[in-house]
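See below for the structure under consideration.
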Amino acid sequence: MIDKGCEVLYHVSDKDVGKRIDQFLAEIDSSLSRSRVQLLIKEGFVTVNNRMVKCSYKLKIEDNIRMILPEEKPLDLTPEYVEFGIIYEDEDIMVIDKPAGVVIHPAPGHYEGTLVHGLLFRCNDLKGIGGVLRPGIVHRLDKDTSGIMLIAKTEIAHKSLVEQFKNSIIEKEYWALVHGPVKENEGKIDLPIARHPIKRKKMWVSENGKRAITFWKKISEFDNNITLVCAYPKTGRTHQIRVHFSYIGYPIVGDPVYGKRKNHYASRQMLHAKRLSFYHPKTGIRMEFCSFLSADIKKLLFILNKKEN
């Protein structure tokens, strides 16, 4: 791992001839992602034989590579208190409990009060990711989905966790209340998902989409034609669980986009990220964490159970 502000030199040997320079540098230092290396190359912090090169440059024998890793820049956001729970934290990662209603990133209409603002307020030991002192968001939950999230605090942790998500090494478990008496006890939904061609904020099942796989099991059934299910997404497409269950005829209770627009049971989609299992990016130890169901889901379950009895 290279210290920030340091200059390092590499001499190309026979075994590395023909490699792309961005690939070579990402392999040399495990703390740097390939996208981070590409940004350093484009910004002029990497030269070959004292000349700037493109990311696609192929290494030649005895090339001399010079790389400077600049100090991280502060993120141009004002930290502010945002409500969320911390389940686990060490110098590399945080496992948090996100309430419904909290947006992850600043965006039009949500320039304040996001999870990123809150993480900057709560974390005083961020090491920097992509050259910026910021928390590493390696996966997302919709604004109105509650539950467990994994945050990277260092470049190495971010790189490792992104790879684990990409290769489906991280196991995710969600609990959802859905409309309809679900006949089967378990199943697999293997349907491609794409962005809707007209309603750009909405996703839909389309043969032109990316493959999306969700396994599920039935937990409980209620007299009100509502079923509690457990979902295990193996891919991470936008709105995947919501789209999949709506498509097979069991929309999530309270979902205003993919379900019934008017719903007296809930003011938001009854979807909760319950469990995460992953390998710690530094120790390699398999870790598992769970999140308690949010208060509004527990309240609805209490009402449904009471009606049933």
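Every number here is computed from the coordinates shown, using simple stated rules; none is lab data. Remember, it's a predicted structure, so these values are computed and weren't measured experimentally. We place every Cβ from the backbone using ideal geometry, glycine too, and count neighbours over all the protein chains shown.
Taking trypsin sites (Lys or Arg not before Pro) across the range 168-205, the ones in a DSSP loop with at most 15 further Cβ atoms lying within 10 angstrom of their Cβ are LYS183, LYS199, ARG200, LYS201, LYS202. What is the diffusion coefficient of the chain in µm²/s, taking the Kirkwood radius over Cα pairs and the Stokes-Einstein relation at 10 °C with a viscosity of 1.306 mPa s? My calculation gives 73 µm²/s for D.
When each of ASP190, ASP223 is scored by the number of other beta-carbon atoms lying within 10 Å, the sequence from fewest to most is ASP223, ASP190.
Considering only LEU141, LEU59, LEU191, the mean-square fluctuation computed in a Gaussian network model of the chain, springs between alpha carbons under 10 angstrom, is largest for LEU59. A quarter of the convex hull surface defined by the alpha-carbon atoms of the range 172-227 gives 5.1 nm² as the mean projection.
By the count of other C-beta atoms within 10 Å, a proxy for reagent exposure, THR114, THR235 are ordered fewest to most as THR235, THR114. Shape of the range 73-162 from the C-alpha gyration tensor: oblate (a/c of 1.5 or more and a/b not above b/c, with a ≥ b ≥ c the square roots of its eigenvalues).
Once the cut-off is 22 Å, how many percent of the Cα-Cα pairs in the range 168-309 end up in the long-distance tail? Distances greater than 22 Å cover 42 percent of the Cα pairs.
Before rounding to the nearest 500, sum -39500 (n - 2.57) across all DSSP H runs of length at least 4 in the chain and divide by the residue total; then give [θ] at 222 nm in deg cm²/dmol. Kindly include the intermediate steps, with their values, before the conclusion.
Details: 6 runs with 59 residues, N = 309.
Theoretical 222 nm ellipticity from helices: -5500 deg cm²/dmol.
Close amide H pairs (under 5 Å, H built 1.01 Å from N) link SER220 with LEU228, residues at least 5 positions away or on another chain.
In a reduced charge model with +1 at each Lys and Arg Cβ and -1 at each Asp and Glu Cβ, the chain shows a dipole moment near 1340 debye about its Cα centre.
What separates the Cα centres of the range 51-101 and the range 149-200 is a distance of 23 Å.
Projecting the Cα positions of HIS158, ILE219, SER33 onto the charge dipole of the chain (unit charges on Cβ atoms of Lys, Arg, Asp and Glu, taken about the Cα centre) puts ILE219 furthest along the positive direction.
Taking Lys and Arg as +1 and Asp and Glu as -1, the other residues whose beta-carbon sits under 14 Å from that of ARG286 total 0. For MET149, MET94, MET270, the sequence from fewest to most other C-beta atoms within 10 Å is MET94, MET149, MET270. The ellipsoid equivalent to the alpha-carbon distribution of the range 25-84 has semi-axes of 32, 13, 9 angstrom, derived from the gyration tensor eigenvalues as √(5λ) and listed largest first. Taking 17 Å as the straight-line reach from the Cα of LYS19, the lysines in range (excluding those fewer than 8 positions away in the same chain) are LYS54, LYS58, LYS60.
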